[in-house]
C-alpha cells in the first residue's frame, strides 16, 4: 500500500556555510566523485574499496554470510534547498525480515533487468518512495561498499530539487526524513560505536541525529561521501 505525502520537514538548517549549499556541493561532487560505477561491481575478484571491514581491520568477520557477493545499488539523494542542502534517508519498516527499522538509503539488489547500477537505484527509489527517475540528477558514484552480510553496494549520488512529493510503499518504508548535509559532512559527528556479536566486537560508524540512529553501512557510505567530496 502506498501513501502520498508532502516532503518531510527538516530542522537545524540555519544559514549553513556556503560550502554546504547546493551549488557548492554540485561543483565539488562533479569534480571528486567517480564518473562511472566502480570496477569491483562487475568483478567480484577485485577487493572492495570501502566497507564494514574498515573499522574491523585484521579481525575475522563473524557476520559475513557465505556465498558469492550480491550486487546492490543505492541512491544518495541530496536535496538542493537554498538554505542548505540536505540528504534524504528512509527508515525501513519494522516487520521486514532483514535490517528491520534501520536507517537506509533508497535502493536494493541489482536485478537482471537493470541495465546499470544507476538504473537499479532509480528503480528502487521510485518503488520505495515514489520519486520518479526523471526528477533525479545523477552527479557520480562513490566507492564500492562491501557489507558484512555479503552485499557489494554501488552508491549513486544525485541532486533532487525541493518540492518533490513522496509516494511511500509502507510495506518497505516506515519513515522518510532529511538531515542537513552540513551535519553529516562534519567529521566530529562521525562517531565510532561497537557491539558484540558471536563473541567478537563489531565496530562501525554512527551519526545520531534528532532521535534518528544512522549507523552501519548507511553511516559508512556517508563517511565515504565525506572522504570523497569534503575531506
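Values in this text are rule-based calculations from the coordinates and carry no lab data. Because the structure is a prediction, the values reported are computed rather than measured. Here the Cβ positions follow ideal geometry from the backbone for every residue, glycine too, while neighbour counts run over all protein chains shown.
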Exposure proxy order (Cβ contacts within 10 Å, fewest to most) of 222, 160: 160, 222
Cβ-derived FRET efficiency at R0 25 Å, residue 231 paired with residue 193, nearest 0.05: 0.75
Packing rank of 106-115, 69-78, where each peptide gets the mean count of other beta carbons within 10 Å, highest leading: 69-78, 106-115
Computed FRET value (nearest 0.05) for residue 19 with residue 211, which takes r as the C-beta separation and R₀ as 25 Å: 0.40
Rounded FRET efficiency, nearest 0.05, which uses the C-beta distance separating residue 116 from residue 32 and R0 of 22 Å: 0.60
Gain on full stretching of the segment that runs from residue 200 to residue 149 - 0.36 nm per residue minus C-alpha separation: 16.8 nm
